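The values are calculated or read from the model by the stated rules, or taken from the named source; none is laboratory data. These figures come from a predicted structure and were not determined experimentally. Backbone-built Cβ (ideal geometry, glycine too); neighbour counts: all protein chains shown. SASA here: full protein model, heavy atoms, side chains in, ligands and nucleic acids out. Shrake-Rupley method; radii C 1.70, N 1.55, O 1.52, S 1.80 Å.
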Amino acid sequence: MLTLALPKGRLAEESADLLMKKGWLSSIPQENSKELTFTSSDGKLRLLFVRSQDVCTYVEEAAADAGIVGWDIIREGKYDLITPVDLKLGACRLSLASFPDFDLFAKRSKVKVATKYPVLTREYFFSKGISCEIIKLYGSIELAPIVGLSDCIVDLVSTGGTLKANGLKEIEAILHSTARLVCNRSSYYNNHSELRALIESLEN
């Protein structure tokens, strides 16, 4: 049996639909189900439903053979994983945003940045030659500049509606992200036949 970690939420639903289309599932978990695992009726595939930030850990530590997760999370965590397939699901971008009059290159000792992505944020500001102070938040990132906690934010953007509703503007896209299939190195290189078959079916 192949074990696949999926992030809870919309991406899990889109992934399950794709797996059904490719013949890996004959049914999908019931909506609003509280179960954390789901096994296909033919016993070919077991799904684990975990937080998106935990998918790579489950795969890297071999609790799952593979997983589906956003490129932003893979890049942020610097995980030691194989990423053989871009599934083209959940397209979004990691962007710098602030008020319309924000000047990234204004003279200041440090730019204060609120984000859930400290690693990618530091890389971005370093590439610009700008010193930054990272303020790590886990939600409602857009609130930080509104209340003066930060000068700007780095966060995921899809439509930009939340930014606009809060008077903020997208300044620059740092990273474009889609969902990828990630694989445990041992499973991938030891000719795990089911895993290879999954990769091939998702590539086509």
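Here are the numbers for this structure:
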item	result
Extreme residue, nearest to ILE174 (Cα to Cα), among residues of the stretch 106-135 that are open to solvent by 20 Å² or more (accessible area, probe 1.4 Å) and among the polar types (S, T, N, Q)	SER127
Qualifying positions in the stretch 75-105 - buried (at least 16 other Cβ atoms within 10 Å of the Cβ) and among the hydroxyl-bearing types (Ser, Thr, Tyr)	TYR79, SER95, SER98
Residues being in a loop (DSSP other than H, G, I, E, B) and either open to solvent by 40 Å² or more (accessible area, probe 1.4 Å) or within 19 Å of LYS88 (Cα to Cα) (or both) - total across the stretch 168-199	4
Residue count, the stretch 1-35 (criterion: touching a residue at least 40 places away in the same chain (Cβ under 8 Å), surrounded by fewer than 17 Cβ atoms within 10 Å (Cβ to Cβ) and not acidic (Asp, Glu))	6
Which listed residue is under 20 Å from TRP71 (Cβ atoms) and modelled with pLDDT under 95, from GLU172, GLU203	GLU203
SER140, sole failed condition from (1) touching a residue at least 60 places away in the same chain (Cβ under 8 Å); (2) of a type in the set (Ser, Thr, Tyr); (3) open to solvent by 20 Å² or more (accessible area, probe 1.4 Å)	(1)
Members of the stretch 59-72 that are within 17 Å of LEU4 (Cα to Cα), surrounded by 19 or more Cβ atoms within 10 Å (Cβ to Cβ) and in contact with a helix residue (DSSP H, G or I) (Cβ under 8 Å, 6 or more places away or on another chain)	ALA64, ASP65, ALA66, GLY67, ILE68, VAL69, GLY70
Some residue of the stretch 76-96 being part of a loop (DSSP other than H, G, I, E, B) and without any contact (Cβ under 8 Å) to a residue 24 or more places away in the chain	no
Extreme residue, most open to solvent (accessible area, probe 1.4 Å), among residues of the stretch 143-167 that are farther than 13 Å from VAL113 by Cβ and part of a loop (DSSP other than H, G, I, E, B)	THR159
Residue selected from the stretch 36-53 under the condition among the charged types (D, E, K, R) and under 22 Å from the mean Cα position of the chain (by Cα), by the criterion surrounded by the fewest Cβ atoms within 10 Å (Cβ to Cβ)	ARG51
